[in-house]
Amino acid sequence: MLATALMDRHRHNLVLLARFGLVGVSGVLVNLLTLIAVKRLGPGFEEVVLPLPFGEFNLRWYHLYSTAAFLVANLWNFQLNRNWAFGSTRHAKWRREYLPFLAVGLAGQVVGLVVLTALLHPHSPLSLPTTVLDDSTGLRTRLYWAQLIVIALVTPLSFVFNKIWTFAAVRTHHRDLADPLHPGAS
């Protein structure tokens with residue numbers, strides 16, 4: 001009884017989450033393909049780009065590769081979410097929605113870069129094992145697995161913030177985009 005009531009109440013959110021998830025799956029593929037491309041075009045992913053003072057942590061190529069992959073996938077995900085998941089294309093200017101979407105994504109990317117560093121730094125207690133992931137083949141590349149872990153951790157937060165902030169303003173001003181099961185809700 002309680003489960004049925006909760007399902008009825010949150011069906012629209014579950015549909016949005018499912019659509020957001022499908023867009024996210026395609027975004028993961030775009031992210032990884034971009035990551036593979038920039039990794040192949042650039043120097044070794046663990047090489048230092050910029051030494052940082054006060055410690056052994058540095059800006060490394062994997063930080064830049066991950067950020068490039070994020071930017072491409074973020075734009076891809078935004079366009080699909082805007083057109084399909086949240087259906088706001090006709091109701092808001094592209095830039096008005098993209099800037100908050102990008103801001104949410106950048107916040108997630110900052111968190112992701114910290115996690116990525118923890119997974120790839122050799123002295124981190126969370127460092128991925130080099131015995132199995134020895135970077136000898138694509139499936140054994142630590143950078144790719146670390147990126148997948150980052151995406152898995154950041155995606156749920158991204159969904160919540162984008163639903164609440166990025167696309168909510170459009171639904172508030174356009175009732176036809178509100179939850180069809182609960183006309184008073186958005």
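Under 15 Å from the Cβ of V23, count the other residues' Cβ atoms, weight Lys and Arg +1, Asp and Glu -1, and hand me the total. Spell out each step's value before the answer.
Numbers: positive: R19, R82, K163; negative: E97.
Net charge around V23: +2.
Provide the packing ranking of 44-57, 106-119, i.e. peptides ordered by the mean count of other C-beta atoms within 10 Å per residue, highest first.
Values: 44-57: 10.6, 106-119: 17.4.
Averaged packing, sorted descending, gives the order 106-119, 44-57.
Per-residue extension of 0.36 nm, minus the Cα-Cα distance of L99 and L126, leaves a gain of 6.4 nm for this segment. Placing a label point 7 Å from the Cα of L64 along the Cα-to-Cβ direction, the residues of the stretch 121-161 whose backbone N falls under 19 Å of that point are 121, 143-144, 147.
Per-residue counts of other Cβ atoms within 10 Å, averaged by peptide: what ranking do you get for 133-140, 15-22, 61-68, 92-99, highest first?
The densest-packed peptide leads the list: 61-68, 15-22, 92-99, 133-140.
Take the Cβ atoms of L52 and L157, set R0 to 22 Å, and the FRET efficiency comes out at 0.25.
Here's how it looks for V49: its modeled amide H is under 5 Å from those of L59, R60, W61, which are all 5 or more places away or on a different chain. Ordering 69-76, 148-155 by mean Cβ neighbour count within 10 Å, with the highest value first, yields 69-76, 148-155.
Above 15 Å, the calculated P(r) of the stretch 22-73 contains 50 percent of its Cα-Cα pairs.
Taken together, the values in this text are just the output of simple stated rules run on the coordinates, not laboratory data. As the structure is a prediction and not an experimental result, all values here were calculated from the model. Glycine gets a Cβ as well: all are built from the backbone with ideal geometry, and neighbour counts include every protein chain shown.
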